[in-house]
Structure formats: C-alpha cells, structure tokens
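Report on the following structure.
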Amino acid sequence: MATFIVMLGPPGVGKGTQAKTLAEKTGLAHVSSGDLFREHIKNQTELGKLAKSYLDRGDLVPDDVTIGMIRERLGRVDCRVGAILDGFPRTTVQAEALETMLKDFDGQVDKVPYITAAESILVERASGRLTCRANGHIYHQKFNPPAKEGICDEDGSQLYQREDDKVETVTNRIRVYIEQTMPLVDHYRRGGRLIEIDGSQSVERVTEELLESLEQTGK
Ligand code: AP5
Ligand code: MG
C-alpha cells in the first residue's frame, strides 16, 4: 500500500523546506500544491490563469480546481510508492476528497506532521524567502542565504521573491489558514495521525524531530 504523508502548518513555517528533505530521505514524491499552481501560472495554462488572482491575494483556489490538479498529479508514476503532500489538503472538502482518491491509488494518509510557530516568525520567514525560478528551491535572505547572491546553489537559476510574500498578503494567508485549514488539525488528531513539531527551531533540528517521529511510528 502506498504511503502518503500530509504536511500541515501555517504559511511560512517550513513545510516546503522539510518536505524536500523528507522526500529525499524516504524516496516518496514531493507534491506541493503551491508549486504546481506556480508552475501553471508560469506556463500560462488555463488553470494558471484562473489560479493567479487567488494566489496574488493569498486566498485559496476553489476546491474543485485544486482537487482535480492533485488527482492528476497523484496519478503519475512517481507517486506509486506514495508522496509527501505539502499544502494539500487545506480544507475539509479537500481532506475528504483525498481519502476518496487514495482508495483509487491503493494508498492511505499515514502520518500528518503538524509544524507550528508564532505569527511573528511566520512573517519574518515568508518576507525574507527567496525562491528559485527553475525548480522552486527555497532560501532565506538571513536564515539560509545562497552562496552567490540571487542565484540558486543547486541549479544556477535566478532567485525571486514570491508575489504573495508581501507582508499584507502573508497576513491574509495566515487568516485564511486559521479559518479554513486549522479545522484539519482536529480532524487528523482524532484519527490519531497527528505529529506535533515545534517549527520555531532550526531547519536541522526540525528535520531531526520529523525523522525521529516518523521512524517511531513505523514509517
Ligand atoms: P503555498 O505555496 O503552499 O504556500 P503556504 O502554505 O502559504 O506555505 P509557504 O510555501 O508560504 O510556506 P512553507 O511552510 O512551505 O515554508 P518554506 O519551507 O518555504 O500556497 C501558495 C498559494 O497557493 C496559497 O495562498 C493558495 O492561493 C494556493 N494554494 C496552495 N495550495 C492550495 C490548496 N490546497 N487549496 C487552495 N489553494 C491552494 O519556508 C519559508 C521560509 O522560511 C524560507 O525562506 C525558508 O528558507 C525559511 N525557513 C524554513 N524553515 C526554517 C527554520 N526552521 N528556521 C529558519 N528559517 C526557516
Ligand atoms: Mg511552501
């Protein structure tokens, strides 16, 4: 049976940073809904045109569009063993849709790491973030700067600041998270799958805690 890990946590807490490392260590695919939307926007697809205004405001893209995009992604061959889901599900409707689609893919949500940090930390992390144009590698001006300014260490592409990382937009994303995504914390806690992680620690320490807790729980 395929293994799916859902990374839960507010904007800017470090889900993407940790998901990349976890994917490398576990061999599971890394599926980031935000990266997929940004890819569609870059390629100016119909989906990208629809999604752009939502991302720019920091609002959620409608459930049906998001669920369709993820279903297509999870159907690809690299997800046969499972995936680290980063940014999906984000609403109760999406969580229910995930359960249904995983039955088709002979998989299940195994564990749900829930990473948290104070709002001031989230804003500081998001507003200093630098993202790589080619592959979405993640840096931070202060906490994780690239070796050469403005250039990705891994693929040499340009680093840019995400449009939705302006302080006002980050604040809206946090509000949207509290209203629409926080209910999932209880949903997964009730199912006994939640692993709470203190995201205010260093990147390395958070990775260690994540790996330890996934191992302890048999993953
Ligand atoms: P998405 O791209 O998913 O954004 P997000 O959830 O708001 O999360 P972020 O990517 O901002 O943060 P992160 O937790 O991944 O942190 P990161 O590792 O980068 O979504 C964007 C938009 O797409 C949404 O607003 C919505 O419009 C749409 N969307 C996406 N999914 C959707 C869905 N399911 N339904 C509907 N709409 C959807 O780290 C942040 C920064 O901090 C980096 O600079 C990093 O270097 C640094 N950092 C990380 N960890 C640490 C640490 N421990 N110490 C110091 N610095 C750290
Ligand atoms: Mg992210």
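The values are calculated or read from the model by the stated rules, or taken from the named source; none is laboratory data. Keep in mind the model is a prediction, meaning the values are calculated, not measured. Here Cβ is always computed from backbone atoms with ideal geometry, including for glycine, and neighbour counts include all displayed protein chains. Note: accessible area is taken over every heavy atom of the protein model, side chains too, but ligands, DNA and RNA are not part of it. Shrake-Rupley method; radii C 1.70, N 1.55, O 1.52, S 1.80 Å.
Find the residue count for the range 151-160, including only residues that are out of contact with any His (no Cβ under 8 Å at 6 or more places or on another chain) and in a loop (DSSP other than H, G, I, E, B).
First pass over the range 151-160, keeping only residues out of contact with any His (no Cβ under 8 Å at 6 or more places or on another chain): 151, 156-160.
From what is left, the residues that are in a loop (DSSP other than H, G, I, E, B) are 156-157.
Adding up the residues that qualify gives 2.
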Completion exercise
Within the range 141-190, restricting to residues that are hydrophobic (A, V, I, L, M, F, W, C) and touching a Ser or Thr at 6+ places or on another chain (Cβ under 8 Å), the one that is farthest from Gln94 (Cα to Cα) is Ile151
Practice task
Give the residues of the range 30-59 that are open to solvent by less than 40 Å² (accessible area, probe 1.4 Å), over 17 Å from Thr181 (Cβ atoms) and not hydrophobic (A, V, I, L, M, F, W, C), sorted by residue number.
Solution key: Gly48
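Residues being more than 17 Å from the chain's Cα centre (by Cα), in a helix (DSSP H, G or I) and either closer than 16 Å to Leu28 by Cβ or in contact (Cβ under 8 Å) with a residue 40 or more places away in the chain (or both): count how many of those fall in the range 83-120.
Filtering the range 83-120 for residues more than 17 Å from the chain's Cα centre (by Cα) gives 93, 96-97, 99-108, 118-120.
Narrowing further to those that are in a helix (DSSP H, G or I): 93, 96-97, 99-104, 119-120.
Then keep just the ones that are either closer than 16 Å to Leu28 by Cβ or in contact (Cβ under 8 Å) with a residue 40 or more places away in the chain (or both); that gives 102, 119.
Of the residues in the range 83-120, 2 are more than 17 Å from the chain's Cα centre (by Cα), in a helix (DSSP H, G or I) and either closer than 16 Å to Leu28 by Cβ or in contact (Cβ under 8 Å) with a residue 40 or more places away in the chain (or both).
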Handout entry: Condition check for Ala126: over 20 Å from Met182 (Cα atoms), within 16 Å of ligand 2 (Cβ to nearest atom) and surrounded by 17 or more Cβ atoms within 10 Å (Cβ to Cβ)
Key = no
Exercise for the section: Collect the residues in the range 11-29 that are open to solvent by 20 Å² or more (accessible area, probe 1.4 Å), away from ligand 1 (no atom under 11 Å from the Cβ), under 23 Å from Ser202 (Cα atoms) and of a type outside the set (Asp, Glu), keeping them in residue-number order. Expected result: Lys25, Thr26
Problem - Hits in the range 186-204 - residues which are closer than 18 Å to Ile121 by Cβ, outside any strand (DSSP E or B) and open to solvent by less than 80 Å² (accessible area, probe 1.4 Å) - result: Gly199, Ser200, Gln201, Ser202, Val203
Problem - All positions within the range 60-82 that are more than 16 Å from ligand 2 (Cβ to nearest atom), of a type outside the set (Val, Ile, Thr) and either open to solvent by 30 Å² or more (accessible area, probe 1.4 Å) or part of a helix (DSSP H, G or I) (or both) - result: Pro62, Asp63, Asp64, Gly68, Arg71, Glu72, Leu74, Gly75, Arg76, Asp78, Cys79, Arg80
Exercise for the section: Tell me, yes or no, whether the range 131-150 has at least one residue that is buried (at least 18 other Cβ atoms within 10 Å of the Cβ), assigned to a helix (DSSP H, G or I) and under 18 Å from the mean Cα position of the chain (by Cα). Expected result: no
